[in-house]
1. In the list Phe112, Phe125, Phe141, which residue meets the criterion of being of a type in the set (Phe, Trp, Tyr), within 16 Å of the ligand (Cβ to nearest atom) and open to solvent by less than 30 Å² (accessible area, probe 1.4 Å)?
2. Identify, from the list Gln46, Gln22, the residue that is open to solvent by 20 Å² or more (accessible area, probe 1.4 Å), under 29 Å from Arg181 (Cβ atoms) and free of Cβ contacts under 8 Å to residues at least 24 places away in the same chain.
3. Test of understanding: among Val214, Val229, Val194, Val238, which residue is open to solvent by 40 Å² or more (accessible area, probe 1.4 Å) and among the β-branched types (Val, Ile, Thr)?
4. Which of the residues that make up segment 28-62 are of a type in the set (Gly, Ala, Ser), outside any strand (DSSP E or B) and within 13 Å of the ligand (Cβ to nearest atom)?
5. Suppose we keep only residues that are without any contact (Cβ under 8 Å) to a residue 60 or more places away in the chain and of a type in the set (D, E, K, R) within segment 241-276. Which one would you say is surrounded by the fewest Cβ atoms within 10 Å (Cβ to Cβ)?
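The values are calculated or read from the model by the stated rules, or taken from the named source; none is laboratory data. Every value quoted in this text rests on a predicted model; they were computed, and no experiment measured them. Don't worry about glycine lacking a Cβ; one is built from the backbone with ideal geometry, like all the others, and counts go over all protein chains shown. Note: accessible area is taken over every heavy atom of the protein model, side chains too, but ligands, DNA and RNA are not part of it. Shrake-Rupley method; radii C 1.70, N 1.55, O 1.52, S 1.80 Å.
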Amino acid sequence: MKLLHKKNEVRQKVLEWRRKDQRVALVPTMGALHDGHLSLVNQAKQHADHVVVSIFVNPTQFGPGEDFEQYPRSLGSDVEMCRQEMVSLVFAPDYSEMYGTDEQARHPYLSFRITKMTDHLCGPFRPGHFEGVLQVVNKLFNIVQPDVAVFGQKDIQQWYLIRQLAVEQDHPVEILMGPTRREPDGLARSSRNVYLSGHERKVAPMLFQTLQRVRTGLEKNGKLEAVPVDETIISQEVKRLRENGFNVEYFSVVSTPDLQPADAIEHGQTYIIAAAARLGKTRLIDNLLLSHKDFLNHDA
Ligand code: PAF
């Protein structure tokens, strides 16, 4: 396995593979790798001859007062995990390799402007975040030129935006979604879970349980029904989360791919139930994807 820090070295290596007609998959990460990342790597392996993992804590996607400085960094053990997973190449650039100077990273001359896909969910709570994500992912696509790239379902708004980025910027890359990996009690795996105190860690799985309960409310015989989204039930669930110490930012049902609030569930469409809440200083996000395959088939 190669550990490279320079864009040109990565381009060179990928070119060698391309000359042999080999397929390349990219798994972009900010490091502090856990099981969730490794499952993305494994998924990537099914689609390519070589997996490239990028490790870069991207400053442009953190807002003022967010956890850029505290974000866990563990390059040594991340690289070792990638080696064990038979990753072909780890790309770990520093800031100036990615952006020139720090100043340029924060105030780029060119930046992405995103329209309504960031009007809801995390968008209003993290101004500038998705612009930063698209800025760095666009660069990574240009540097690695992968055939496929895998991103986790946990960051589902990011996933839909990146898929749109690939279409609009003509990146010939297939964007795959890796299912959310969970702890045995249901908490979504995240590099930020290390911030949780002992008590918060015990309470944290309530977020997932609440998403599941709201989903069950939209079902009949374990299958989704075409029904209105009952805001009263959602408000009651949010109230219960607040009573248990969650500072809920949003709890919403949105349609895909436009990520707009849905007032009714309809057959044949895919929806997301998504939530974000702060528990102490930790921001937790989670979601359930309600796909048309999950619908009750009235003709059966
Ligand atoms: O999901 C993440 O870890 C980051 O947002 C990503 C896609 C690696 C971009 O920095």
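1. Answer to the check: Phe141.
2. Exactly one residue qualifies, and that residue is Gln46.
3. The unique qualifying residue is Val194.
4. Passing the criteria: Gly31, Ala32, Gly36.
5. Glu243
Residue-by-condition table, conditions (1) of a type in the set (Ser, Thr, Tyr); (2) more than 18 Å from the chain's Cα centre (by Cα):
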residue: His171; (1), (2): no, yes
residue: Thr180; (1), (2): yes, no
residue: Pro184; (1), (2): no, yes
residue: Tyr195; (1), (2): yes, yes
residue: Gly198; (1), (2): no, yes
residue: Lys202; (1), (2): no, yes
residue: Gly217; (1), (2): no, yes
residue: Pro228; (1), (2): no, yes
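Matching residues to (1) open to solvent by 50 Å² or more (accessible area, probe 1.4 Å); (2) within 12 Å of the ligand (Cβ to nearest atom); (3) not in a helix (DSSP H, G or I):
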site	(1), (2), (3)
Cys82	no, no, no
Val87	no, no, yes
Met98	no, yes, no
Leu121	no, no, yes
Gln157	no, yes, no
Tyr160	no, no, no
